Amino acid sequence: MLVLIGIAGAVVGGGASTDPSTEAAKPPAVAPSEPAQVPEAAPSSAAPEKKAAVTVVAKQAAYKKSIIAPDGDYTSVSVTVTNNSSKPIGVNPLYFTITDTSGGKHVAELAADEDQIATVELAPGENVTGTVTGKGAFTPKTVTYTDGLIGKSVRADVS
């Protein structure tokens, strides 16, 4: 019943009118236009560039076998971590991974290199330098530092 009433209402209300006075009351048809263009904001030179909370610099380093390192091939990367934030951060060899040029990830091998990066807490403005060493002979491409085991990651290209 409701369906029939709906159809009847559509036919009566939606039919074409032949009365010219109703045609004049209709608004003129408007062609669809393109969406309005929003001007792009120009970069503001007044806003200072924000410095990253943690910076990592990595470069290739010679592997220096520690006294307790097992035999085998190892690859070391010298890493400097700088705390630019307003809070202390932790640094630990376990917070690093090395990615080689073929995309393979290498976890840090503890106590393999005698210059291993220290486990420290960096106060704001402090930095620490040491090596991160991966097992095997490979060409390092990047080093990734993660603030804590599940914190934010910072990646640096190895130069």
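Of K65, K59, K87, which residue is of a type outside the set (F, W, Y) and loosely packed, with under 13 Cβ neighbours inside 10 Å? Show your work before the answer.
Numbers: K65 fails: loosely packed, with under 13 Cβ neighbours inside 10 Å; K59 fails: loosely packed, with under 13 Cβ neighbours inside 10 Å.
Sole residue among the options that is of a type outside the set (F, W, Y) and loosely packed, with under 13 Cβ neighbours inside 10 Å: K87.
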- Message: Take the residues in the stretch 53-109 that are basic (K, R) and either outside any loop (DSSP other than H, G, I, E, B) or within 23 Å of the chain's Cα centre (by Cα) (or both); name whichever of them is farthest from V143 (Cα to Cα).
- Response: K87
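Could you list, in sequence order, all residues of the stretch 132-159 that are of a type in the set (F, W, Y) and over 17 Å from Y95 (Cβ atoms)?
As a first pass, look at the stretch 132-159 and keep what is of a type in the set (F, W, Y): 138, 145.
Once the filter is applied, which keeps residues that are of a type in the set (F, W, Y) and over 17 Å from Y95 (Cβ atoms), the stretch 132-159 yields only F138.
If I ask for residues that are among the aliphatic types (A, V, I, L, M) and touching a residue at least 60 places away in the same chain (Cβ under 8 Å), which ones from the stretch 120-131 would you list? Write out each step before concluding.
So in the stretch 120-131, the residues among the aliphatic types (A, V, I, L, M) come out as 120, 122-123, 128.
Selection gives nothing.
Bear in mind that the values in this text are calculations on the coordinates, not laboratory data. Everything numeric in this text was worked out from a predicted model, so none of it was measured. Please note: Cβ atoms are built from the backbone with ideal geometry, for glycine as well, and neighbour counts cover all protein chains shown.
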